[in-house]
Amino acid sequence: MRPPAGYVRFQATWPDRCGSHIGVFGLTNMLGRSGRLTPEQERFRVEHNAWYDAAYPDPSTVDPTVYDHTVNPGAVAWFRSTATHLIARVDGYLEILASHGVACVRVESDDPGRIVYADDVQAVVVPHHPSRP
């Protein structure tokens, strides 16, 4: 049996205009900001986003350039596979996205790209190939 990969990401199955695959949180937030979520889905989004904000650091508050497209083109966040308490809560976001016809995929990798930020539960990386992780 193969050991689990070191990093896990949940993302859109298609690239955006810049060639990046938007993550599950970004996709759900886009639906919420555009008013397309049901009241229950919006409540879930707000409550769970707040939980995640409290559960681990926002990399951009530690390093404001981490998501700067000029400095780190295509940078995206990955969970460390050991952050099971964070990964377990993603299912609710995936259910919301599925109910709106937004396809997502779980991606695993031991080498998702050049790490530009890391802590005990996540890493932000610039993918080796911007159009695919």
Checklist outcome for this item: If you go through Y117, Y67, the only one that is surrounded by 14 or more Cβ atoms within 10 Å (Cβ to Cβ) and farther than 16 Å from Y7 by Cβ is Y67
Checklist entry - Got a sec? Which of Y93, Y52 is among the aromatic types (F, W, Y), assigned to a helix (DSSP H, G or I) and either surrounded by fewer than 16 Cβ atoms within 10 Å (Cβ to Cβ) or in contact with a Cys (Cβ under 6 Å, 6 or more places away or on another chain) (or both)? => result Y52
Checklist entry - Is one or more of the residues making up region 102-119 more than 14 Å from the chain's Cα centre (by Cα), part of a helix (DSSP H, G or I), within 20 Å of L27 (Cβ to Cβ) and not hydroxyl-bearing (S, T, Y)? => result no
Checklist entry - Filter region 121-130 for residues that are at pLDDT below 95 and part of a loop (DSSP other than H, G, I, E, B); which is surrounded by the most Cβ atoms within 10 Å (Cβ to Cβ)? => result P130
Item to check | Residues that are surrounded by 15 or more Cβ atoms within 10 Å (Cβ to Cβ) and at negative phi, drawn from region 70-82 | outcome: N72, A75, V76, A77, W78, F79, R80, S81
Item to check | Selection count, region 1-49, where residues are assigned to a loop (DSSP other than H, G, I, E, B), among the polar types (S, T, N, Q) and either touching a Leu at 6+ places or on another chain (Cβ under 7 Å) or without any contact (Cβ under 8 Å) to a residue 60 or more places away in the chain (or both) | outcome: 2
Next on the checklist: Is it the case, given these coordinates, that G101 is modelled with pLDDT under 95 and on the phi > 0 side of the Ramachandran plot?
Outcome noted: no
Checklist outcome for this item: Filter region 96-111 for residues that are farther than 11 Å from V8 by Cα and touching a residue at least 12 places away in the same chain (Cβ under 8 Å); the one that is surrounded by the most Cβ atoms within 10 Å (Cβ to Cβ) is I96
Checklist entry - For residues in region 70-90 being assigned to a loop (DSSP other than H, G, I, E, B) and in contact with a strand residue (DSSP E or B) (Cβ under 9 Å, 6 or more places away or on another chain), which is nearest to G6 (Cα to Cα)? => result S81
Checklist outcome for this item: Of those in region 25-64 that are closer than 25 Å to D120 by Cα and hydrophobic (A, V, I, L, M, F, W, C), the residue nearest to the chain's Cα centre (by Cα) is F25
Checklist entry - Given P133, P59, which one is modelled with pLDDT under 95 and not aliphatic (A, V, I, L, M)? => result P133
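The values are calculated or read from the model by the stated rules, or taken from the named source; none is laboratory data. Note that the coordinates shown come from a computational prediction; the quantities given were computed from them, not determined experimentally. Positions of Cβ are backbone-derived with ideal geometry, glycine not excepted, and every protein chain shown enters the neighbour counts.
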